Amino acid sequence: MLSRKSSTGSAVPAILFAIVLLILVASTLYLHIAKTWWFPEAITPVGHQIDQQFFATFVVTGIVFVLAQIALAWLVFRYRDQGRKATFVRGHHGLEVLWTTATLVVFVALGVMAAHAWGEVHFGGPSPDALQIEVTGLQFQWEFRYAGPDGKFGRINVKDIDASVGNPLGLDASDPAGKDDIVVPDLYLPVDRPIELMLRSQDVIHSFFVRELRIKQDCVPGLIIPIHFEVNKTGDYEVTCNQLCGLGHYHMHAIMHAMSEADFEQWEKKQEAQNAQ
Amino acid sequence: MSAHAGSIHHSEAPKGWIRHYIFSLDHKIIGTQYILLGLSAVTIGVILSLIVRLHLVWPNLHIWGFANGIVSPEDYLRVITMHGTLMVFFVLTTVPQSGFGNYFLPIQIGAPDMAFPTINMLSFWTTFLALIVLLASAFVPGGATISGWTSYAPLSAVGEIAGPGLGLGQTLWVVSIALFCGGSLMSAINFLGTTIDLRTKGLSLMRMPLTVWGWFITACLALLAFGVLLAACILLLLDRLAQTSFFIPADLSVSGVVLHHAGGSPLLWQHLFWFFGHPEVYIAILPAMGIISHVLSTFSRKPVFGYKAMVYSLTAIGFLSFTVWGHHMFISGMNPYSALAFSILTLVIGVPSAIKTFNWLGTLWGGRIHFTAAMLFAIGFVSLFVTGGLSGIFLAQPALDLYLHDTSYVIGHFHLIMGVAAIFAMFAASYYWFPKMFGHMMNETLGKIHFWFTFIGVYCIFMPMHYLGYVGEARRYASTESVNYMIALHPVNMFISFSAFVTMSAQLLFYFNFFWSIKHGKPAERNPWHGTTLEWSVSTPVPHDNFAGDYPTVYRGPYEYSVPGAADDFIPQHLAPEQVAKAG
Amino acid sequence: MPHLTATDELEIIGSSGGAKPPAGSGRDGDGGRRGGSSGIPQRVYVTGITIAMGGILMFFMALVSAFIVRKGLGGDWLPFGMPRILWLNTGILLASSGALIQARRLFKRGDSGGFRHWWAVTTVLGLLFLVGQLIAWRQMVAAGFYLASNASNSFFYVLTAAHGLHLLGGIAALLFVGWGRLRKLTLATGTEIVSYYWHFLDGLWVFLFLLLLLGR
């Protein structure tokens, strides 16, 4: 008979643990396999590479997760107090060595694999013909600047910043290179062409994030941080800020329009025409 | 008293209420004070998180205490900043270490008190003052700060022009944290000195309970980490008040105003902050690991599996915790090659954590498990630790962190592994040590109901946050209505909020149980759990100098449960071999 | 329940954590350092100050690494003229350490008068150093180097102020021991820990001085 006066050895908590942990494992597995709430499709080669690394990590951690939770449930159920004495054992040297080595190998292997995807994002430079776009974060909006026909960005002078006269970035009027610069609050870019973004900030730290690019990068005042990628799929994607930048952090939002080369050229022409007026 | 008589015996309890309960030098009173301070902080912290959850799902709900009853975006940021600061500093750092550690470390090592009782009292009152300053910041013009518990510069450095609460509120935040650093440093000196020099006869390092090891390593981390945060706070304060440029770069234009700073580095603040901040994570969890090992062993009626491996892994975690701070900064613009180094080191620190998990499972294996409330929380801890630890494997890889950084995924991860896991250890410690602290038992049935609600509840709250992170929901958003893909997540947030309401309500069971049992609980015997360590060898309530002058000698390791040949299934550490009853 | 001596069966526990006879105090440095005595051993104060110095060192290392990083950013870093009096101050502080060594030597010999004399000399030299530091500050101000003028100046003030405050604590400790206001410590322990702390601050100052001199 298992029923005892004190509930300490009762089977009820053991069974409850088994049920709760099994539900946890089952629901977690289901939600990951059914992809109920999931990443949007990646739109860059690097994004696909990162997704593969995600997959590898999901498999490894998933196996460990299932085994560990079920082992816990089983141990708790199997060794609930049923009146027999506990096995006296202090430990096992071989087991310690085994699981230390095993985890070390698995974890470091994952880390080394992940280094590849990271290197794709950060180590190689952009190709020389990449389209350069300057991204500026400011409380609480994004500004995107294109060099215009001359291919040169105009000088910026912090004293010239005045949103009320349409100069949120502080373009220096005395620099001819800045005359044809295009400044827009949304990001327009052509697909299948290398893009280089140069991230900067005017006031506090912001963070540029487009889910489909799988890239997030802080915009740090005082630094210009380049990132590069190539989009392979047209569409409109949301740009958000992911570093707390003040009370308007949550509505610091823009759209990234990935367009065909032809559409992009048309857009560029239109902007240049507007600038010329 | 003569100049150097050296009062080596201070066994007389102080007379007078104030000296006894307020400015007490007794480590047990100070420990209790810390626990009550933590309990006040956690109460406020939980109410704040309730406001967060309410606001996220019903943004127009009227909430008492806010202007027009509406939580504005800046109010929301104030609330999360205060929630994070209270929980990380005044609960997770304070209760497991300074609270339970203060109370039980001297008893577990057979010492009359902490080594430096006056410094101990000063640490508590400094911490108390820090809490008052922090809370006061909510009531100054401009209100509490909105820069988050990490207070990234330059948002935290440039003053009120960057947003509400960044004036006096932010200054008080920095002052509060600097005070807290001072209190923690003094406390660390006490813990280390006490453990090194006040162990009783026979208590070698390798016979110390794992709780003591946890507190000892944590004190090492606190000693080395809080000085760095203090330095960072001083520099930040100078940037704010004296126009220096440590963290503020040149050519900033905030709200249309050009600032006269030059050349500072926002990343410098992050490096200093996280050099403290990562060890801080382990300051919260190492005492919890010790407590959990202790409780698992007691109620499995088995020695801790791989005691030495447990000690070495604690030490390894402590050491490695100073080498991984960069993994908080993968997207900050730091050197990508150092990011790789930080990534590998972070994965390596997962190894000793995994060793601990395996050994906890090993402790359960072959045991005779008693499902007390304390044990339930300890088992729950292991489950949470596995879940929270595995999600860390993602964040340790910079390529994956690129996507998950600053999303709800991170919130889910650190709440499970650092917040809730440490809270579970505090609950386990409360149910386990309450009889020794107050001479009464807590109600076990209420404790078990409390456990099941909390255990299921926290999984319902924090698991879905991982899925929100997959979709890309950003943290620290006062409203998700500006971003299309976040609007679609409303039902998930609703589920999380409801889970949170239920789980928070269940905590009332604990409050009731705790305060009711102090007076009305079943009277506790000296050693209700049949434990082996020294705290169970002293009478209840514990006398003023713990052992009434009769200091024990330790003859064996801390977890001698179910030893073959012994009559009882536990052999207390202080029992001389000839006193051990033989089976048969 | 019969109380028996340890038998072979109980010797199972005789492995690592087993029922060995208790190790005596300090036998292998690992047997429970307090031993059986009921009070707080004097040794703990030495341990305490050693640990405290570790914490203080980390605090200064944080400032020093901030100094190095901030200087490495280049750009706006402007060197400043170090006040010449700092050389004199450094000499004074080194001399105070010498006086302290002499005081301790005489104390160990039991020469109470000589000890008090040299202890007072140390204290006075310490105060002189602080006065010298204040003069250095005034010279900096006179030369137009203010706290916020440049990062190099900011670090000069922060490092000297932080060190000065710690040294002020050292002077308080010197006075405390000199006046014999000790309660739990013996005079021997008091002089020992104060001298460790003082030499530590002395060494720290030499390091900071060289850092400022070479790195400004």
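Any read-out appearing in this document is the output of simple, stated calculations on the displayed coordinates, not a laboratory observation. Because the structure is predicted, anything quoted here is derived from the model rather than measured. Don't worry about glycine lacking a Cβ; one is built from the backbone with ideal geometry, like all the others, and counts go over all protein chains shown.
Region B:410-483 and region A:9-61 have Cα centres lying 20 Å from one another. Equivalent ellipsoid of region B:314-428: semi-axes from √(5λ) of the C-alpha gyration tensor, largest first, are 30, 16, 11 Å.
For region C:132-216, the normalised intensity computed at q = 0.12, 0.20, 0.25 Å⁻¹ comes to -0.47, -0.90, -1.19 (log10 of I(q)/I(0), Debye sum over alpha carbons, equal scatterers, no solvent). Placing +1 on the Cβ of every Lys and Arg and -1 on the Cβ of every Asp and Glu, with no other charges, gives the protein assembly as shown a dipole of roughly 4460 debye about its Cα centre.
Most tightly packed first, judged by the mean number of other beta-carbon atoms within 10 Å of their residues, the peptides C:64-72, B:214-222, B:380-388 read B:214-222, B:380-388, C:64-72. When you restrict to C-alpha pairs under 8 Å that are six or more residues apart and normalise by the size of chain B, the relative contact order lands at 15 percent. Bridgeable aspartates and glutamates around B:Lys302 (alpha carbons under 14 Å apart, same-chain partners fewer than 8 residues away excluded): A:Asp81, B:Glu560, B:Asp568, B:Asp569. Based on the reciprocal of the average 1/r between different C-alpha atoms, the Kirkwood radius for region B:28-250 equals 18.6 Å. For the residues of B:438-450, the average number of beta carbons from a partner chain within 10 Å of their own beta carbon is 1. For the segment B:146-158, counting C-beta atoms of other chains within 10 Å of every residue's C-beta and taking the mean gives 4.
Sorted largest first, the spans of the alpha carbon positions of region A:90-228 along the three principal axes are 77, 32, 22 Å. Projecting the Cα atoms of C:Phe209, C:Ala151, C:Ala52 onto the dipole axis of region C:43-215, where Lys and Arg carry +1 and Asp and Glu carry -1 at the beta carbon, places C:Ala52 farthest toward the positive end.
Residue ranges A:215-221, B:434-440, A:197-203, B:59-65 sort as A:215-221, A:197-203, B:434-440, B:59-65 when ordered by packing (mean number of other C-beta atoms within 10 Å per residue, highest first). Can you pick out the pairs among A:Lys85/B:Lys308; A:Lys152/A:Lys179; B:Lys201/B:Lys582 whose Cα atoms lie more than 21 Å from each other? Checking Cα-Cα distances, A:Lys85/B:Lys308; B:Lys201/B:Lys582 exceed 21 Å.
Cross-link reach is defined here as a Cα-Cα straight distance under 17 Å, omitting same-chain residues fewer than 8 places apart; for B:Lys519 the aspartates and glutamates meeting it are B:Glu444. Roughly how far apart, in whole Å, are the Cα centres of region B:549-567 and region C:73-95? Taking the Cα centre of each part, region B:549-567 and region C:73-95 sit 60 Å apart.
When only alpha carbons of region A:5-90 are considered, Rg and Dmax amount to 19.3, 65 Å.
A convex hull fitted to the Cα coordinates of region C:43-215 yields 101 cubic angstrom per residue.
Note on region B:373-399 and region A:220-277: Cα centroid distance 38 Å, given to the nearest whole angstrom.
Taking the Cβ of C:Pro79 as the centre, find all other residues whose Cβ is under 11 Å away and add up their charges (Lys, Arg: +1; Asp, Glu: -1). Once all neighbours under 11 Å are counted, the net charge is +2.
Overall shape of region B:523-584 was characterised from the C-alpha gyration tensor. The equivalent ellipsoid obtained from it has semi-axes of 22, 14, 9 Å, in decreasing order.
Taking every residue in B:96-105 and counting other chain Cβ atoms within 10 Å of its Cβ, the average works out to 0. Altogether, the Stokes-Einstein calculation at 10 °C and 1.306 mPa s, with the Kirkwood radius of region B:278-513 over Cα pairs as Rh, returns a diffusion coefficient of 84 µm²/s. Dividing the Cα radius of gyration of chain B by 2.2 N^0.38 Å, with N the residue count, gives 0.98. Peptides B:324-335, B:504-515 ranked from most to least packed by the mean count of surrounding Cβ atoms within 10 Å: B:324-335, B:504-515. Cα-based values for the protein assembly as shown, radius of gyration first and Dmax second, are 30.8, 106 Å. Using the Kirkwood radius over Cα pairs, work out the Stokes-Einstein diffusion coefficient for chain A at 37 °C and 0.692 mPa s, in µm²/s as a whole number. Estimated via Stokes-Einstein, D reaches 141 µm²/s.
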